[in-house]
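Engineer: Can you read through this structure? Questions will come right after.
The values are calculated or read from the model by the stated rules, or taken from the named source; none is laboratory data. Keep in mind the model is a prediction, meaning the values are calculated, not measured. Quick reminder, even Gly has a Cβ in these numbers, built from the backbone with ideal geometry, and neighbours come from all protein chains shown. The protein model used for the area step is the full one, side chains on, heavy atoms only, and it has no ligands, DNA or RNA in it. Shrake-Rupley method; radii C 1.70, N 1.55, O 1.52, S 1.80 Å.
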Amino acid sequence: MPLLRRLRHAVAKTPVRNPLVWVRHQSLKASDVFFASYPRSGSTWLRFLLFDCLVGEPSGFKNVNHAIPDVKLHKDGLPLMPGGGRLIKTHEVYHPEYHRAVYLVRDPRDVALSEYAYQTALGLVNDNLDEYLRKFVAQGVNPFASWRDHVESWLSAPLGSEQLLIVRFEDLRADSFATLVRIVEFLGLTPDETRIRAAIANNTVEKMRAKEKETPQRASARGKFIRSGSAGGWRNTLSAAQAELFRQHAADAIERLGYAGEAQPAEIVHA
């Protein structure tokens, strides 16, 4: 199984995957809204939060994956959006089929460490951290391009502020309530304070780990699918040389998203 999984992972990073991606983007509706992110950016946590906010029921892996499905399973998604649209998760770079989206971003240095732990747990990589980070910044370590190219595709998407909402994972961590209100309003729905506060209380790291224990995920056998969800944890892990790799390969995107220094940007501007 580990060998077959590594083979599938390797093939998925080649052009062989392109026809499959095309098929997955058929049968979309104009009323669909996409929840996009690079892998390991906090999308599982935010999907759980949004499920609780929008559906008003306790979230778990099964009902969340059904209600807010991955783009490859979008036909079964629930009509949670105004006009009967679905909220569909995607890790893909921007596609013209995405007419309205929430894009979740996270500091790439934290993303890289989380992705490394996840792929190591799945047996997809045998690299040491130095080798892995070089691949992460230069070419990408999954089928979804490098972090820099992924971010640039979304920041440069031909979508206005009413069509694309950029949300930073760090802001969601710092003020979950205000961030969720902003997202729900962007989706064209009326925020319910009681639901939002209940969603936050029901999806702490501890409670998310309990949900993983109840419904194990692919990485659960050798690691944790739900990790600490830290913001800025890379500072305690990466060496100066490792951190420099990100500056060399993604300085513009890092600065544009407010990750170059301690100051938080008032607004993220996209083309």
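Engineer: Tell me which residues, restricted to segment 171-203, are part of a helix (DSSP H, G or I), touching a residue at least 40 places away in the same chain (Cβ under 8 Å), aliphatic (A, V, I, L, M) and touching a helix residue (DSSP H, G or I) at 6+ places or on another chain (Cβ under 9 Å). Explain how you work it out, then say what you get.
Structural biologist: Applying the first criterion (part of a helix (DSSP H, G or I)) to segment 171-203 yields 171-174, 176-186, 193-202.
Filter again for touching a residue at least 40 places away in the same chain (Cβ under 8 Å), leaving 171-174, 176, 180, 183-184, 186, 195-196, 198-200, 202.
Right, trim to aliphatic (A, V, I, L, M) and you get 172, 174, 180, 183-184, 196, 198-200.
Passing the criteria: LEU172, LEU180, ILE183, VAL184, ILE196, ALA198, ALA199, ILE200.
Engineer: Then there is this: Taking the conditions exactly as written (open to solvent by less than 20 Å² (accessible area, probe 1.4 Å), of a type outside the set (Ser, Thr, Tyr) and part of a helix (DSSP H, G or I)), does VAL111 satisfy them or not? Walk me through how you get there before you give the answer.
Structural biologist: On the way: open to solvent by less than 20 Å² (accessible area, probe 1.4 Å): yes; of a type outside the set (Ser, Thr, Tyr): yes; part of a helix (DSSP H, G or I): yes.
Answer is yes for this residue.
Engineer: Of all the strands (runs of 3 or more DSSP E) wholly in segment 18-108, which have at least 2 residues that are of a type in the set (Val, Ile, Thr) and either surrounded by fewer than 21 Cβ atoms within 10 Å (Cβ to Cβ) or under 18 Å from the mean Cα position of the chain (by Cα) (or both)?
Structural biologist: Details: elements: 33-37, 87-90, 101-105.
The qualifying strands (runs of 3 or more DSSP E) are 87-90, 101-105.
The rows are residues; the columns are (1) farther than 27 Å from HIS95 by Cα; (2) part of a helix (DSSP H, G or I); (3) open to solvent by 40 Å² or more (accessible area, probe 1.4 Å); (4) among the hydrophobic types (A, V, I, L, M, F, W, C).
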{"residue": "TYR116", "(1), (2), (3), (4)": "no, yes, yes, no"}
{"residue": "GLN119", "(1), (2), (3), (4)": "no, yes, no, no"}
{"residue": "ASN126", "(1), (2), (3), (4)": "yes, no, yes, no"}
{"residue": "TYR132", "(1), (2), (3), (4)": "yes, yes, no, no"}
{"residue": "VAL137", "(1), (2), (3), (4)": "no, yes, no, yes"}
{"residue": "GLY140", "(1), (2), (3), (4)": "no, no, no, no"}
{"residue": "ALA145", "(1), (2), (3), (4)": "no, no, no, yes"}
{"residue": "GLU152", "(1), (2), (3), (4)": "no, yes, yes, no"}
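Engineer: While we're looking at this one, here's another question. Taking the stated definitions as given, is GLN242 open to solvent by less than 80 Å² (accessible area, probe 1.4 Å), modelled with pLDDT of 90 or more and at negative phi? Steps first, please.
Structural biologist: Details: open to solvent by less than 80 Å² (accessible area, probe 1.4 Å): yes; modelled with pLDDT of 90 or more: yes; at negative phi: yes.
When the stated conditions are applied, GLN242 passes them.
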